[in-house]
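Data block below; observations after.
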Amino acid sequence: MKPITLGVLGSGSGSNFQALLDAIRDDRLNATVAIVLSDQPDAGILDRARQQGVPHGIIDCAGHTTRFPDKEQIRVACLMKEAGVDLVCLAGFMRLVKKPLLDAFPGKILNIHPSLLPSFPGLEAWRQALEAGVRETGCTVHIVDAGVDTGPVVMQERVVIEPGDTPASLHARIQEAEHRLYPAAVSLLARSHE
Ligand code: GRF
């Protein structure tokens, strides 16, 4: 079967991108990563792409700290199309994707979020869970729509909150779950794509 072609957008260390690459290498995911783009020129995700020979580039948000300008979303959509991307994976991408990119890949943009959505959308979801005093949280892979961490859920994994957990310890355990969940969710969609 033909592998699904992924494009990845990230702003941080890229550990979820790495989890996708590891799953491809270990034959747990029938995919290729055609392109990685980051809005942060110094992001670890770009170092990982460079070291592992994955084509990569920088998203230029023209000095805006949080906005993702429409013009740049159109450029990103073009780069993804030129690379033959079937599915766009947000992996720690810290800007909101809006109409230009959503329209170019309808229902084909995925995100991983560190909570059991719809609980705790937005930033530092692990800290929100601790502060709310819940006993479990987790992570969610969902299809991206125009909202903030809304959109249909593809898969979730639970993480129990232990007594004495700190934001850092809880976030680390959620990330371990993310690294299992994201390749599994992409693989599920890849199988329905074939
Ligand atoms: C992850 O915790 C993910 O849930 C959130 O951003 C973080 C990205 O981490 N959206 P990494 O860059 O994949 O290591």
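The values are calculated or read from the model by the stated rules, or taken from the named source; none is laboratory data. Fair warning: this is a prediction, and the values are worked out from it, not measured in the lab. Because the Cβ atoms are built from the backbone with ideal geometry, glycine has one as well, and the counts that use them run over all protein chains shown. Accessible surface areas use protein heavy atoms only, side chains included; no ligands, DNA or RNA. Shrake-Rupley method; radii C 1.70, N 1.55, O 1.52, S 1.80 Å.
The table for this structure:
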quantity: Cβ-defined net charge surrounding Pro121, 14 Å radius [Lys, Arg +1; Asp, Glu -1]; calculated: -2
quantity: Carbon + sulfur, % of accessible area of the chain - ligands and nucleic acids excluded, 1.4 Å; calculated: 55 percent
quantity: Accessible area per residue, Å², the chain with all protein chains present, probe 1.4 Å; calculated: 48 Å²
quantity: Choice from Asp26, Asp70, Asp149 with maximal GNM fluctuation in the chain (Cα, 10 Å cutoff); calculated: Asp26
quantity: Cα long-axis angle, helix 167-193 against the chain (0 to 90 degrees, to the nearest 10); calculated: 50 degrees
quantity: DSSP beta bridge pairing in the chain, given as percent antiparallel to the nearest 5; calculated: 40 percent
quantity: Net charge of Cβ neighbours under 14 Å - reference Ile112; Lys, Arg +1; Asp, Glu -1; calculated: -3
quantity: The range 66-99-the range 104-173 distance, computed between alpha-carbon centres (Å); calculated: 21 Å
